[in-house]
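Some notes on the structure that comes next.
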Amino acid sequence: MKRIVIASDHGAVELKTQIVAFLKKKNFEVTDLGTHGSAAVDYPDMALAACNEFKKGGYEFGILLCGTGIGVSIAANKVNGIRCALPFDLFSAEMAKAHNNANFIAFGGRIKYSLPVLDMIEKFLNTKFAGDRHEQRIAKMMAMEDEC
Ligand code: RB5
């Protein structure tokens with residue numbers, strides 16, 4: 001069974017519930033690291049927990065949520081090995097996989113998207129990494145972790 005890890009701060013708990021149900025219906029095994037209620041938690045803590053879980057191995061990718069998706073994506077991109085994209089439409093969801101081979105995608109529970117987040121996740125799921133010239137660009141990005 002394919003595995004996905006997900007975590008959210010208090011700004012996107014309802015969206016997380018929707019996403020978890022959607023993924024389970026698609027037969028994914030979902031590791032939900034919370035948060036589960038309305039009590040405030042710090043988004044860097046949630047992002048780090050999900051990234052560390054992902055790095056244990058065996059996950060297809062991870063999903064991070066906060067009010068805007070911005071905080072968790074910034075935090076996740078500070079973790080070695082993580083490429084977290086912030087899709088906002090079908091094209092960006094597709095390119096996040098095809099060109100950037102993102103291993104995390106982030107969304108905001110307080111953002112008024114022009115389409116359902118689930119549609120963007122579906123697009124990401126149905127897209128393959130294009131490889132080829134994008135391999136070297138990703139290698140350059142990942143090398144920056146040691147060089148900058
Ligand atoms: C929490 O209030 C909020 O700052 C957080 O959910 C997120 O939007 C940060 O980027």
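Where a number appears in this text, it was derived from the coordinates with a stated rule and is not lab data. None of the values given here were measured: they were computed from a predicted structure. Neighbour counts are summed over all protein chains in view; Cβ atoms, including those assigned to glycine, are modelled from backbone coordinates with ideal geometry.
Loop-located GluC sites (Glu not before Pro) across the range 1-68 with a Cβ neighbour count of 15 or fewer within 10 Å are GLU60, with loop assigned by DSSP.
Each of MET141, MET120, MET46 was scored by other Cβ atoms within 10 Å of its Cβ. Listed from fewest to most, they are MET141, MET120, MET46.
The modelled label-to-label distance for the pair PHE129/LYS24, using points 7 Å beyond Cα in the direction of Cβ, is 3.0 nm. The helix-based estimate of mean residue ellipticity at 222 nm for the chain, built from -39,500 (n - 2.57) per DSSP H run of four or more residues and divided by its residue count, is -13500 deg cm²/dmol to the nearest 500.
Structure remark: mean-square fluctuation, Gaussian network model of the chain, C-alpha springs under 10 Å; the largest value among ARG110, ARG133, ARG83 belongs to ARG133. Do any of LYS26/LYS123; LYS2/LYS55; LYS55/LYS140; LYS2/LYS128 go past 18 Å between their Cα atoms, and which? Going by Cα-Cα distance, LYS55/LYS140 fall outside the 18 Å limit.
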